[in-house]
Amino acid sequence: MLGINALGFEILPICHLIWEAKSHIESYHIEELVDIFERLSEVESSKTEFIFPHITITKDAFSEDIESDLMFFSNWINTQQVSKETKALYQLLIVSILEEVSYTRKDGQYLRWDYRSEKIRRKNQSRISKDKIPLKPFNKGEIPTVKEALLRTFRKVLLDIKSLQFGLEKKGFQDVINGSILENLPRYESNQFSGVITSPPYCNRYDYTRTYALEIAYLGADELEIRKLRQSQLCCTVENRSKLSKLEKIYRDIDRFDDFQKNCKIITENTTFQEINSALKIRQKRGEINNPGILTMVEGYFYDLAFLLAEMFRTCKKSAYVAFVNDNVRYGGEIIPVDTLCTEIAETLGFIPEKIYILPQRKGNSSQQMGRFGKESLRKSIMIWRKP
Ligand SMILES: C[S@@+](CC[C@H](N)C(=O)[O-])C[C@H]1O[C@@H](n2cnc3c(N)ncnc32)[C@H](O)[C@@H]1O
């Protein structure tokens, strides 16, 4: 909006819908949006033949009535004569209320499920039949109707668009590339970006393909595509596999195999990383780390970051600044200082570290870590580096 040329990279379909809707900000016709809003206020839902394209992890996320209404209102826009920009915006409105009208809530690594959902009821019945105590109930509170949620969000978005359009003159070039930064950035010319702002996934097991499962499924991804997305993420879950053979192929294809080897060396020769890795191995042997995937995740995370930071350094112009957000993490009692280790890797690549800002951290240690290993505060940081 400031007219700065900008390029983003994202893999999640929901982010591309958000980008599509936001990038049209100057071309929305307020009269058309108001007209659709009014028509929507008057329409009453009825049964439709459309069904929600569930994947396994989203099944039972809505009550029957909500799901039926959702599909009615989702299809309703196709029965109206509207511009394609308004259609995309309307689709985003639907996507943005999915969680609100569902029995789920995004919660770090997974979706939490309300006790009223079929999924939890079935689980509890099975637990009771095996003489186990039922799961601790999670109650989301009152769930609005689809129409209420949709109108409320629409009203808010209309106000936003009206105020943002005031005095707006779209300048510059902005785009978001749909694909993994690790696979795309190596193909970009060197020395072209004046700055980078990024908040990559953290090494904290948060899996966006699970927390955004409702939105991704609604937008049409099937099980296979979700699994592919999960593996394309920067390594941040215990399910992520190493990307090294894939990256090797990419670097060979673009005739940069030497760079592939150099990037791998950044990690194999980094003594801080090696020390963390051996500490984690010892803790795993002692039984302090309950999931062996933690070790592969931490290793994969820093390999992925080494490739990312190396490509950022190469594509940045002289004097470019990088602002890099991240959280430190702790496994089996071992604190991983992601901020200082990333900064050390950045420095090895040639960046000059300028500052590490420590942000107020709202999240604490997990209760598991705290109970067993005591409380330790974990930093949330913004690192600032400069290419000389
Ligand atoms: C911590 S979130 C930050 C989101 C957003 N940039 C922000 O600041 O609100 C990390 C984002 O990185 C995206 N991501 C993960 N792996 C990626 C990859 N290989 N290429 C591009 N984006 C990726 C995720 O989908 C997620 O949206």
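The values are calculated or read from the model by the stated rules, or taken from the named source; none is laboratory data. In this text, all values refer to a predicted model and were calculated from it rather than measured experimentally. Backbone-built Cβ (ideal geometry, glycine too); neighbour counts: all protein chains shown.
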Inset, instruction - Answer with yes or no whether residue 107 is over 30 Å from residue 68 (Cβ atoms) and within 16 Å of the ligand (Cβ to nearest atom). - result: no
Legend entry - Candidate set from the range 148-171 (those that are free of Cβ contacts under 8 Å to residues at least 24 places away in the same chain and part of a helix (DSSP H, G or I)); member that is nearest to the ligand (Cβ to nearest atom): 160
Legend entry - Every residue from the range 233-256 that is within 20 Å of residue 111 (Cβ to Cβ) and hydroxyl-bearing (Ser, Thr, Tyr): 237
Inset, instruction - Working carefully through the options 119, 140, find the one that is part of a loop (DSSP other than H, G, I, E, B), in contact with an Asp or Glu (Cβ under 9 Å, 6 or more places away or on another chain) and within 19 Å of residue 60 (Cβ to Cβ). - result: 140
Inset, instruction - Would you mention how many residues in the range 97-107 are over 24 Å from residue 238 (Cβ atoms) and β-branched (Val, Ile, Thr)? - result: 2
Legend entry - Every pair of residues 6+ apart whose Cβ atoms lie under 6 Å, when the first sits in the range 172-194 and is part of a loop (DSSP other than H, G, I, E, B) while the second is modelled with pLDDT of 95 or more and within 10 Å of the ligand (Cβ to nearest atom): 180/11; 180/232
Inset, instruction - Could you please find all residues in the range 195-220 being under 30 Å from residue 294 (Cβ atoms), more than 14 Å from the ligand (Cβ to nearest atom) and small (Gly, Ala, Ser)? - result: 217
Legend entry - Hits in the range 97-107 (condition: in a loop (DSSP other than H, G, I, E, B) and either touching a strand residue (DSSP E or B) at 6+ places or on another chain (Cβ under 8 Å) or buried (at least 18 other Cβ atoms within 10 Å of the Cβ) (or both)): 98, 99, 101, 102, 103
Inset, instruction - Would you check if residue 37 is in contact with a helix residue (DSSP H, G or I) (Cβ under 6 Å, 6 or more places away or on another chain) and within 16 Å of the ligand (Cβ to nearest atom)? - result: no
Legend entry - Search result, residues across the range 187-218 that are out of contact with any strand residue (DSSP E or B) (no Cβ under 8 Å at 6 or more places or on another chain), polar (S, T, N, Q) and exposed (fewer than 15 other Cβ atoms within 10 Å of the Cβ): 190
Legend entry - Considering residues of the range 178-194 that are among the hydrophobic types (A, V, I, L, M, F, W, C) and within 15 Å of the ligand (Cβ to nearest atom) only, the residue nearest to residue 20 (Cα to Cα): 181
Inset, instruction - Take residue 36 and decide whether it is over 17 Å from residue 179 (Cβ atoms), in contact with a Phe, Trp or Tyr (Cβ under 8 Å, 6 or more places away or on another chain) and not in a strand (DSSP E or B). - result: yes
Inset, instruction - Hey, could you check the range 1-22 for residues that are in a loop (DSSP other than H, G, I, E, B) and surrounded by fewer than 16 Cβ atoms within 10 Å (Cβ to Cβ) and say which is farthest from the ligand (Cβ to nearest atom)? - result: 3
Inset, instruction - Quick one: residue 55 ticks every box in (1) crowded, with 17+ Cβ neighbours inside 10 Å; (2) under 20 Å from the mean Cα position of the chain (by Cα); (3) away from the ligand (no atom under 16 Å from the Cβ); (4) under 26 Å from residue 199 (Cα atoms) except a single one, so which number is it? - result: (4)
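Conditions tested, residue by residue: (1) closer than 30 Å to residue 235 by Cα; (2) buried (at least 17 other Cβ atoms within 10 Å of the Cβ); (3) not β-branched (Val, Ile, Thr).
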site: 67; (1), (2), (3): no, yes, yes
site: 76; (1), (2), (3): no, yes, yes
site: 79; (1), (2), (3): no, no, no
site: 86; (1), (2), (3): no, yes, no
site: 95; (1), (2), (3): yes, yes, no
site: 109; (1), (2), (3): yes, no, yes
site: 123; (1), (2), (3): no, no, yes
site: 131; (1), (2), (3): no, no, yes
site: 140; (1), (2), (3): no, yes, yes
